[in-house]
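Enquirer: Supplied in structure tokens, the structure appears directly below.
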Amino acid sequence: MLRSFGLGGALIGLNVLPLARAFAAEGTDALLLNCIDYRLTGATTSYMTQNQMAGKYDQVVLAGAALGAKNDKFPDWGKTFWDHVQVALDLHHIHKVVIIDHRDCGAYKVILGKDLAANPKEEFDVHAVQMRSLRTDIVKKYPALGVEMKLMALDGSVEIVT
């Protein structure tokens, strides 16, 4: 298989174990919760990198991000989120959860039955309420975890939610 990519045996002697141990020893800083939307995968990675988080976070991806983690229509998604938080704590000793919701989110349309994109203030407020509610639950269950909340626009710009 390596030969088909022109790499020949060049990688055979490469020992990545020390590098893997170094990353494991350092651990990750956060668990990122973000949406499945293909329009923002690159922007989300860029944002995390620009904020010195490259290689320092685990990731769980749910449609709707915060709403995906806490809704009545798809309750199993919430269980999945909480299972991932626990695994990230157990394996990588995370210190915080970073929630990145985004504008024009289809999951908010599907789950809430309302298109919020036409009213940016209402859209921000609805996302903020959802993220704050999830933050309350996270801090109640894991008081030592910090929670950061952000709302990303389709152009990749980010607003902080407090």
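The values are calculated or read from the model by the stated rules, or taken from the named source; none is laboratory data. Predicted, not measured: the structure shown is a model, and the values here were computed from it. Every residue, glycine as well, gets a Cβ built from its backbone with ideal geometry; the counts of neighbours run over all protein chains shown. Areas reflect the complete protein model, heavy atoms only, side chains present, ligands, DNA and RNA absent. Shrake-Rupley method; radii C 1.70, N 1.55, O 1.52, S 1.80 Å.
Enquirer: Whenever you get a sec, line up Ile36, Ile111 from highest to lowest accessible area (probe 1.4 Å, protein heavy atoms).
Expert: Reading off the accessible areas and sorting them downward yields Ile36, Ile111.
Enquirer: Tell me the per residue accessible area of region 56-162 using a 1.4 Å probe; a whole number in Å² is fine.
Expert: The answer is 50 Å² per residue.
Enquirer: If each of Ser157 and Asp104 carries a label point 7 Å out from its Cα toward its Cβ, how far apart are those two points in nm?
Expert: Distance between label points: 1.4 nm.
Enquirer: Output the pairs from Lys73/Lys96; Lys79/Lys141; Lys56/Lys79; Lys56/Lys109; Lys79/Lys121 with a Cα-Cα distance over 22 Å in this structure; if there are none, say none.
Expert: Values: Lys73/Lys96 27 Å; Lys79/Lys141 13 Å; Lys56/Lys79 24 Å; Lys56/Lys109 32 Å; Lys79/Lys121 30 Å.
Pairs exceeding 22 Å: Lys73/Lys96; Lys56/Lys79; Lys56/Lys109; Lys79/Lys121.
Enquirer: I've got another one for you. What is the antiparallel percent of DSSP beta bridges lying wholly in region 60-162, to the nearest 5?
Expert: Counting only bridges with both partners in region 60-162, antiparallel ones make up about 35 percent.
Enquirer: Also, I was wondering about something else. Please report the carbon-and-sulfur percent of the accessible area for region 99-162; probe 1.4 Å, protein heavy atoms only, DNA, RNA and ligands left out. List each step's numbers first, then the result.
Expert: Values: 1820 of 3180 Å².
The computed percentage sits at 57.
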